[in-house]
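Take a look at the structure below.
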Amino acid sequence: MTGNLILAAGESFTGTWHGTQIAVQGELVFFTGMTGYEEVITDPSYKGQIIVFSYPLIGQYGIETLYAQSEKIQAAGIIVSELYEGPLPKQALSLAQFAKAQGVPLLSGIDTRSVIQQVREMGTMPAQLLPDNTPKEPWQLLKTDFFPAQQAVTAQQFGDGSLHIGLIDFHYKASILKELLALNCRVSIIPYDAAIELPENLEVDGLLFSNGPGDPKALNNWLPVYRTWAERYPSFGICLGHQVLAAAFGATTTKLAYGHRGANHPVKNNQTGRVSMSSQNHSYVVEADSLSNTPFEVLYENVNDGSIEGLIHPQLPITTVQFHPEAAPGPTDHLALFHQFLETVNDTKKVKMHA
């Protein structure tokens, strides 16, 4: 059957509909990587978004849960130019099967180059995915707040390593946890609205502020708590965690026209001058002018548009990056950042033990 993509700007596109026959709305974004669709559609940072894949053929290697970044598809909808429907490895579901099983619409046969050109020219925008003969729905406000005021405040624990890391959960990617466990850490998942004393009660050695979806301003009520934590423990922020830590110390954030989403974004380390490739997925950035209100210095910047890609505190052991050092998908150029963070945590722990 056919289906339609309707853009808030007025354009419409018709393609082949796969999966559940339900209409959805979401923010239309695009991903520029050649591979990694499994990780992308299950990444919690894509909550509520309709993802357009720029690579022309998607689905070649199916879906295997080993690479999933969460337990389900987080995207509101999926759009591809050509959907692969040939043979797959054993045990692998096809992308269409996976989307149908999870009730997420998938539209193929779409002129994705034209769709992406619309987004590049006009910015991310609301869009609707509609099964054939379904009338267009009234437009709704895009959801940018994925952090309700109350949730359970119990902390899950994983691993039994010598260093105890508190992973502040803004809807973290599974690959971040996997990387910490692979580096012999014990990890406690700390809810974003946990009591201020929880890290101390858990006796953590350091804190990693995770990625997550939506507008960082949705977490403004908790910023004083995050600043207190970061002033007490060695801290590392990734993506939304980077934005939140910057805001906790006085910076402001703003939304990019169409964001950075892909596995091929060059960033420059201002301390070394080295340029490396990074995996990214974000709409919002820290405003450069607002850093004068903070103690932070710019550690990384985006080669393409000059936006801030990472910060470092000159006195406290706090480092943040806008990109994803754990990749998944993407290049592993920045895995060393995890090692550097854990070295700092270990050094701080030794100082405390001998104090």
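The values are calculated or read from the model by the stated rules, or taken from the named source; none is laboratory data. Note that the structure is a prediction, hence the values are computed from the model and not measured. For neighbour counting, all protein chains shown are included, and Cβ atoms are generated from backbone atoms with ideal geometry for every residue, glycine included. Ligands, DNA and RNA are stripped out before the accessible areas are found, and what is left, the full protein with its side chains, is counted by its heavy atoms. Shrake-Rupley method; radii C 1.70, N 1.55, O 1.52, S 1.80 Å.
Solvent-accessible surface of the chain, averaged per residue with a 1.4 angstrom probe and all protein chains in place: 43 square angstrom.
For Arg186, nonlocal amide neighbours, meaning residues 5 or more places apart or on other chains whose placed amide H falls under 5 Å from its own, are Gly161, Ser162, Leu163, His164, Ile165. Each of Asn304, Asn264, Leu316 was scored by the projection of its Cα onto the charge dipole of the range 258-317, and the greatest displacement toward the positive side belongs to Asn264; charges sit on the C-beta of Lys, Arg, Asp and Glu. Calculated mean residue ellipticity at 222 nm for the chain: -6000 deg cm²/dmol, from DSSP H runs with n ≥ 4 weighted as -39500 (n - 2.57), summed, divided by the residue count and rounded to 500. Using only Cα atoms, figure out Rg for the range 143-182 and give it as a multiple of 2.2 N^0.38 Å. Normalised Cα radius of gyration, the range 143-182: 1.41. Over 22 Å, how big is the tail of the calculated P(r) for the range 1-83, in percent of all Cα pairs? In whole percent, the share of Cα-Cα pairs in the range 1-83 beyond 22 Å is 22. Positive contributions from Lys and Arg (+1) and negative ones from Asp and Glu (-1), summed over other residues with Cβ under 12 Å from the Cβ of Tyr55, come out at 0. For the range 201-296, the share of accessible area belonging to carbon and sulfur comes to 44 percent (1.4 Å probe, ligands and nucleic acids excluded). Counting every C-alpha pair in the range 116-173, the share spaced more than 15 angstrom apart comes to 74%. Of the residues Thr42, Thr65, Val80, the one whose Cα sits farthest toward the positive end of the charge dipole of the range 1-80, with +1 on the Cβ of Lys and Arg and -1 on the Cβ of Asp and Glu, is Val80. Volume per residue of the convex hull around the Cα atoms, evaluated for the chain, comes out as 137 Å³. Using Cβ point charges alone (K and R +1, D and E -1), the dipole size of the range 164-226 about the Cα centre works out to roughly 260 debye. Dimensions of the range 177-269 from C-alpha coordinates, computed as largest minus smallest value along each principal axis and given longest first, are 42, 33, 23 Å. The P(r) of the range 15-141 has a tail past 18 Å containing 50 percent of all C-alpha pairs. With every protein chain in place and a 1.4 angstrom probe, the accessible-area ranking of Lys72, Lys143, largest first, reads Lys143, Lys72. Under the combined filter of DSSP loop state and at most 11 neighbouring Cβ atoms within 10 Å, the range 146-214 retains these GluC sites (Glu not before Pro): Glu197, Glu203. Taking Cβ atoms as reference points and 11 Å as the exclusive limit, the residues near Ala248 contribute a net charge of 0, counting Lys and Arg as +1 and Asp and Glu as -1.
Charged neighbours of Thr42, selected by a Cβ distance under 15 Å, balance to -1 (K, R count +1; D, E count -1).
Extending 7 Å from Cα along the Cβ direction at Arg227 and again at Asp111 yields two label points whose distance is 5.1 nm.
Counting only Cβ charges, +1 for Lys and Arg and -1 for Asp and Glu, the dipole size of the chain around its Cα centre is about 120 debye.
Of the accessible area of the range 15-158, computed with a 1.4 Å probe over protein heavy atoms only, carbon and sulfur atoms account for 51 percent.
The angle between the Cα long axis of helix 223-232 and the main principal axis of the chain comes to about 50°, on a 0 to 90 degree scale.
Think of each Lys and Arg Cβ as +1 and each Asp and Glu Cβ as -1; about the Cα centre, that makes the dipole of the range 307-355 roughly 320 debye.
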